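Accompanying notes for the structure given below.
The values are calculated or read from the model by the stated rules, or taken from the named source; none is laboratory data. All figures in this text were calculated on a predicted structure; none of them were measured in a lab. No Cβ is skipped: glycine too gets one built from the backbone with ideal geometry, and neighbour counts run over all protein chains shown.
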C-alpha cells in the first residue's frame, strides 16, 4: 500500500493503513482460535452509547452481539442519553462506550453517569491515555495509531473489529463454538488491501470504476444510500463520510424501509447508491426491482464480485467472501475511498473539513 509521499492527503494515507492495522489486531488478540481480551465473565445484555462514526460502529457492534453471542443489544446516541432527565441504569447490563479519541464530551459524560449508578462500563477507544480508557471498568484499544485527518477512517474500522472481538468473547465465555467466525481472520487484511488495490491501481481491470462513480455522484446535490442487514449501518457511515468531506446531503435507509414513502425522493433526485452482496433474499430482490421498475433511477451498485444480473450505471466491487466481518470492513474501506474521490473531484480539503474538529468537546 502507498506511503504518505505517494498519497494526496492524510485521509488517503490512513485509508491505506487499515489492512496492516487489522492484521496486527488479529495477531494481538486471537490465539489458537480463542479471543484473548479482558471481558466480563457473564453478560446478559449490552447497551451501546456513542456519537458520530462511533455510533455507526456501535450499531454494527450491537448486531455482532445479537448474531454471534445471542445477547440482547441496543444503541443510543450519547446526546440523546444525556437528554433523559432520570435515565434508568440497569446494573445487570454491560454499557459500551465508543470514541476514537476517548475524550468525546457527551460520550464521556454518559459514561460517568452510568458508572455513578453502579453499572459496568466497557470502552472501545483509539487512545490508551484517554480518560475514557482509564476510567472504564473494561477497555479495549483500537490500536489504529494517531489519526490526523478529521474524518474517521482507520479508527472506525479498527473499532468495528474490536466490537466484533467483544461479541466473540461473550460467545466464547458462554461456551459457544466460535471457530467458524475465526476461520477467515488471517485473510481479512488481504481482502481489505485487495479492495483498495483494485479500485486505485492502474494495473487492475477495476481501476477507473471508482473515479467514474465519484465523478457521477459529485454532480448531485443530494442522494440516498440503501442497504440491508449490516449494509444499512455501512450505508449510514458512507453517507456521513460524504457529508463530512464533500458537504453533499446524503442520507441512508434500510432497503425495505426505503420503499415505505422515502422512495418518493427518487421523483426529484433520481440517483441512488445500493449496497448488497450475493446473499440477497427474495424480499430484497423484490424491493430492488420495485425501485428500479417504478422510478428508473441512476444506480451506483456496491456489490461483491460474484453478483450478476443487476442493473446499474456504475459498479464498485469488493472481493467475494462468506466471512461477515471481512465484507463489513471491505465495504467500509470502499465507501471511504468513494467519499475521498468525490471530495477530490469537488476540490474539498479532506483532511480539515470546514467547521469540523477531531474531538467534539
Going through (1) surrounded by 14 or more Cβ atoms within 10 Å (Cβ to Cβ); (2) over 21 Å from residue 59 (Cβ atoms); (3) at pLDDT below 80 one by one, residue 298 fails only at (3)
Filtering the range 213-237 down to residues that are surrounded by fewer than 23 Cβ atoms within 10 Å (Cβ to Cβ) and part of a loop (DSSP other than H, G, I, E, B) yields 218, 219, 220, 221, 229
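Touching a strand residue (DSSP E or B) at 6+ places or on another chain (Cβ under 6 Å) and surrounded by fewer than 17 Cβ atoms within 10 Å (Cβ to Cβ): is that true of residue 274 in this structure?
On the way: touching a strand residue (DSSP E or B) at 6+ places or on another chain (Cβ under 6 Å): yes; surrounded by fewer than 17 Cβ atoms within 10 Å (Cβ to Cβ): no.
So residue 274 does not fit the description; no.
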Exception for residue 85 within (1) more than 21 Å from residue 115 (Cα to Cα); (2) surrounded by fewer than 21 Cβ atoms within 10 Å (Cβ to Cβ); (3) over 19 Å from the mean Cα position of the chain (by Cα) falls at (1)
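In the range 254-269, how many are more than 19 Å from residue 316 (Cα to Cα) and in contact (Cβ under 8 Å) with a residue 12 or more places away in the chain? Steps first, answer last, please.
At the first step, the residues of the range 254-269 found to be more than 19 Å from residue 316 (Cα to Cα) are 254, 256-269.
Narrowing further to those that are in contact (Cβ under 8 Å) with a residue 12 or more places away in the chain: 254, 256, 258-259, 262-263, 265-267, 269.
Counting residues in the range 254-269 that are more than 19 Å from residue 316 (Cα to Cα) and in contact (Cβ under 8 Å) with a residue 12 or more places away in the chain gives 10.
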Residue hits (the range 89-113; surrounded by fewer than 24 Cβ atoms within 10 Å (Cβ to Cβ) and under 17 Å from residue 47 (Cβ atoms)) are 89, 90, 91, 92, 93, 106, 108, 109, 112, 113
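Being modelled with pLDDT under 85, over 29 Å from residue 104 (Cβ atoms) and within 24 Å of the chain's Cα centre (by Cα) narrows it down to one of 265, 280, 356, 316, so name that one. Even if it seems obvious, please write down each step before you answer.
Numbers: 265 fails: within 24 Å of the chain's Cα centre (by Cα); 356 fails: over 29 Å from residue 104 (Cβ atoms); 316 fails: modelled with pLDDT under 85.
Step by step, each of 265, 280, 356, 316 is checked, and only 280 is modelled with pLDDT under 85, over 29 Å from residue 104 (Cβ atoms) and within 24 Å of the chain's Cα centre (by Cα).
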The condition from (1) surrounded by fewer than 23 Cβ atoms within 10 Å (Cβ to Cβ); (2) in contact with a strand residue (DSSP E or B) (Cβ under 8 Å, 6 or more places away or on another chain) that residue 168 misses is numbered (1)
- Query: Has the range 143-166 got any residue that is under 25 Å from residue 353 (Cβ atoms) and without any contact (Cβ under 8 Å) to a residue 12 or more places away in the chain?
  - Reply: yes
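Might you check whether a residue that is assigned to a loop (DSSP other than H, G, I, E, B) and touching a strand residue (DSSP E or B) at 6+ places or on another chain (Cβ under 7 Å) occurs anywhere in the range 194-210?
Residues of the range 194-210 assigned to a loop (DSSP other than H, G, I, E, B): 201-208.
Then drop every residue that is not touching a strand residue (DSSP E or B) at 6+ places or on another chain (Cβ under 7 Å), which leaves 206.
Within the range 194-210, one or more residues are assigned to a loop (DSSP other than H, G, I, E, B) and touching a strand residue (DSSP E or B) at 6+ places or on another chain (Cβ under 7 Å).
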